[in-house]
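For reference, the structure is listed below as structure tokens.
Each reported figure results from applying straightforward, stated rules to the coordinates on display, with no laboratory input. Note that the coordinates shown come from a computational prediction; the quantities given were computed from them, not determined experimentally. FYI the Cβ positions are ideal-geometry reconstructions off the backbone, even for glycines, and counts take in every protein chain you see.
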Amino acid sequence: MYTQLFGHYLLNKRIIDADELHAALTAMTRIKPKLGAVAIDAGYMSAKQVEEVHEAQHTADMRFGAIAVAKGFLTEEQMLELLARQKNSNLVLGQALIDFGFLDHKQFENALRDYKNSSSYTDESEDSMEREMLHVLGIDSMNDSDFYGNYILLFIRNLIRFLGDDFSLAGVSRNVTISMNYACCQDISGPIKAKVALGGTERGFIGIAARYAGENLTETDGYTKACVGELLNLQNGLFAVNMSNQENIELELSPQTSEEKLMLNIPENGIAVNLSFSFGDIKIAIIKEN
């Protein structure tokens, strides 16, 4: 999440442009290690154990380290050590920008210092970064901010878990009509009712499916639509589990549908978050019924 926050700051201050950030994010996918890879490298976990943790994340909104500790694959001390190693990878974005010549070391040093001084979080813990993310997206000032905040933060965590973190925040849409070339939709019902749509450009839609399936996909066929629909169902399923466990609210999900050239009216108390991945642009829209 640090990558998205710092990248947004650099864009907002016009220290770099969108193309430069895109190039750096693309490079990051080749050099930034995930916690599972760091654990294997340290000799603390086997590849089979890492895969077991990844599978568990499909049914529980828990971080990799917490699941690994719960399963006995890591001790608390080992997890903290690995997190400390991985945290250094937060500097990979800066290194990529320097390697491309978009920033020199002094410019990076100044930008990083100014960003930390201007941001609302006081440390680099996940909870603190999530509060900053809600502030950057303007969710903390919305009606139903708890609902939208919990949903969008879960979605961002799931993007990082299942697609990668090579994406930037490309803006928030409210009180406007948005369009998606391709989208998958699902309704949430029960004590809380909401409509959710996940999609984007054709390239972005295919990119979601390819990353989630771990395959080289090139067309918007039935399989591609099924993969995006499965990711949306995973997101909403985990959200429903969280609401049941944390709020004792039981929600139901409709079957996913796929649509082309979707036009969706986002009211003032609704939100569409625009994200730019190295593979293309995507959107997540959620509208809660009052």
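For the listed residue pairs LYS195/LYS225; LYS13/LYS261; LYS225/LYS283, the alpha carbons are over 22 angstrom apart in LYS13/LYS261. Between ARG203 and SER244, full extension at 0.36 nm per residue minus the direct alpha carbon distance yields a gain of 11.2 nm. Electrostatic tally near ILE206: other residues with Cβ closer than 14 Å to its Cβ, Lys and Arg +1, Asp and Glu -1, net -3.
Under 5 Å between amide hydrogens, built in the peptide plane, is the criterion, and for ILE192 it picks out nothing among residues at least 5 positions away or on other chains. Looking at the chain as a GNM with Cα springs under 10 Å, which of ALA183, ALA47, ALA240 has the largest mean-square fluctuation? Looking only at ALA183, ALA47, ALA240, the largest GNM fluctuation is found for ALA47. Ranking of SER258, SER276, SER145 by neighbouring Cβ atoms within 10 Å, starting from the fewest: SER145, SER258, SER276. Label reach from LYS195 (point 7 Å along Cα→C-beta): in the range 274-290, amide nitrogens under 17 Å belong to 283-290. For PHE277, neighbours were defined as the other residues whose beta-carbon sits under 10 Å from its Cβ, and their charges (Lys and Arg +1, Asp and Glu -1) total -1.
Taking Cβ atoms as reference points and 15 Å as the exclusive limit, the residues near LEU264 contribute a net charge of 0, counting Lys and Arg as +1 and Asp and Glu as -1.
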